[in-house]
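The values are calculated or read from the model by the stated rules, or taken from the named source; none is laboratory data. The structure displayed is predicted, hence computed values, not measured ones. Please note: Cβ atoms are built from the backbone with ideal geometry, for glycine as well, and neighbour counts cover all protein chains shown.
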Amino acid sequence: MTQLSPTGNEFVASKGSDLTTSTFTRGTNLSGGTHEVINPATATIETTVELASLQDTDAAIERAAAAFASWRAVAPADRGRLLRRFAELVDAANEELAQLEVRNSGHTIGNARWEAGNVRDVLNYYSAAPERLIGKQIPVAGGIDVTFAEPLGVIGIIVPWNFPMPIAGWGFAPALAAGNTVVLKPAELTPLTAIRLAELALEAGIPPDVFTVLPGKGSIVGQRFVTHPAVRKVCFTGSTSVGQQIMRGAADQVKRITLELGGKSANIVFADSDIEKAAATAPYGVFDNAGQDCCARSRILVEASVYDRFLALLEPAVAGVQVIDPALPEAEMGPLISARQREVVSSYVEGDSVDVAFRGDAPEGPGFWYPPTVVLPRSTSDRVWREEVFGPVVSVLPFTGEADAIAKANDTEYGLSGSIWTRDLGRALRVSRAVEAGNLSVNSHSSVRYSTPFGGFKQSGIGRELGPDALAAFTETKNVFYAND
Ligand code: NAD
């Protein structure tokens, strides 16, 4: 594995803070320029990271391709042990990784600790996989027919800025478990935890060049993952528009892809539900991570007969969301990732075309803060109702009856997630089967567990991550017939 360090001979990750200082030893000089990492809560520069150039990327891919033969040959039990050791080191570094994420991404400390824990859990979960990559023996005449789950080679993983740690882990853990080598590009804005994870992998004994983190630009490093013939699969999480470009590019080499893209998920509240609970939890179903969550339930559909009551209950719930310094333990929402993202989010709310029902609080002063905001669209063609805002803005509309709820929920190009609130079991069954989305929850807002599949319908993506079947996305099925002769 290559250690990619920012400027100078060592990288001090927690510059200027009272946190434990982490030092990344230097491995390779990167020549693709530099990027200043900004703390979104203070708008101050945290550190500077060297970026990989096209040449650096090619060299890393070639080293990963060379490392593939020996990594796939590591005995399954040993590969599992290495992944468990990696998980132990991630666990031991939980607080350090979490603090790094608070400063790099503005995540609340509670969320960031969960995210580092999720990387540990995903590594542990897939550490059992190398010994369970079981093929089939299929009865045929004249011999024996056997299937093998063969690793693909080098996997390119492209990560967005909204959940830098979990999304990296959902890719690299099963990819490595299946015997592939990995090159991973974090988002330009949020490279710090990925760089640290790569160092922990090396410390755990995962051999050099098996897992390489390449901070860099999407248009250079990410694009090269798509065009380099030694990269056999690209796992991309990010916007639908970039996902479409990656899918087009992958066609040239019939390259395998997994795409996890945008969302505009519905939170459907029926009149027979526990309205108090539905209203109290709705803010957390959309404002978690300041709404920068592909699963954000950003369209609330409320049955007309309880619409006014729901809004009356939602207002104090939104006012109660603790939007404060994300490093404080009681923080429930931090800032947006960047000034640019704040402009994008504001563009959905400012002006005469949108009616703001009410807002929560947000700190004034430096940092990319935006208050939790509830809007009442005038119709389902409003931009704020149709497009992914990726910020703390939720739209609420009434519906009349089950069929209307389903039609409105499905009236979107996306299909990632959603929630259904009802006490009627039959309705829960009917509606959950009718909503076109990959991850639904009934009477809760849960969508992601490492042991269950995650991914989107329609333009929210292709393929599934996590759960028992993720290994299939990182292997090819080979069928071999052995003749009796
Ligand atoms: P983005 O598409 O701008 O960038 C995602 C990643 O792709 C970054 O690492 C970026 O550098 C890289 N990239 C950009 N252009 C590229 C190119 N031409 N070729 C290759 N790589 C390129 O998305 P973002 O703004 O970082 O993240 C927000 C988006 O991600 C939202 O739309 C959100 O819904 C989506 N997302 C989806 C999921 C999911 O699982 N479905 C999870 C998180 C985020």
What strands (runs of 3 or more DSSP E) completely inside the range 105-222 contain at least 2 residues that are buried (at least 24 other Cβ atoms within 10 Å of the Cβ) and in the same structural domain as PRO76 (by TED's automatic domain parsing)? 154-158, 181-185, 211-213
Residues that are touching a residue at least 40 places away in the same chain (Cβ under 8 Å), within 25 Å of GLY263 (Cα to Cα) and not in a strand (DSSP E or B), drawn from the range 223-247: PHE225, VAL226, GLY238, SER239, THR240, GLY243, ILE246, MET247
Residues satisfying the stated conditions in the range 269-319, i.e. among the charged types (D, E, K, R), within 16 Å of the ligand (Cβ to nearest atom) and outside any helix (DSSP H, G or I): ASP293, ARG297, ARG299
By residue number, the members of the range 218-240 that are under 18 Å from the mean Cα position of the chain (by Cα) and near the ligand (Cβ under 7 Å from one of its atoms) are GLY218, GLY222, PHE236, THR237, GLY238, SER239, THR240
Answer yes if at least one residue in the range 476-483 is surrounded by 14 or more Cβ atoms within 10 Å (Cβ to Cβ) and at pLDDT 95 or above, and no otherwise. yes
All positions within the range 438-462 that are surrounded by fewer than 21 Cβ atoms within 10 Å (Cβ to Cβ), within 16 Å of the ligand (Cβ to nearest atom) and either more than 30 Å from ASP274 (Cα to Cα) or among the polar types (S, T, N, Q) (or both): SER441, SER446, THR452, LYS458, GLN459, ILE462
Hey, can you tell me all the residues within the range 386-418 that are away from the ligand (no atom under 16 Å from the Cβ) and either surrounded by 22 or more Cβ atoms within 10 Å (Cβ to Cβ) or part of a strand (DSSP E or B) (or both)? SER395, VAL396, LEU397, PRO398, PHE399, ALA405, ALA409
When ASN410 is run through (1) without any contact (Cβ under 8 Å) to a residue 40 or more places away in the chain; (2) more than 26 Å from the chain's Cα centre (by Cα), the failure sits at (2)
Test GLY426 against the stated conditions and say whether it is at pLDDT 95 or above, within 14 Å of the ligand (Cβ to nearest atom) and either under 19 Å from the mean Cα position of the chain (by Cα) or at negative phi (or both). no
Would you call THR258 at pLDDT below 95 and either surrounded by fewer than 22 Cβ atoms within 10 Å (Cβ to Cβ) or hydroxyl-bearing (Ser, Thr, Tyr) (or both)? no
Residue satisfying condition, being over 23 Å from GLY169 (Cα atoms) and under 25 Å from the mean Cα position of the chain (by Cα), within set PRO316, PRO283: PRO283
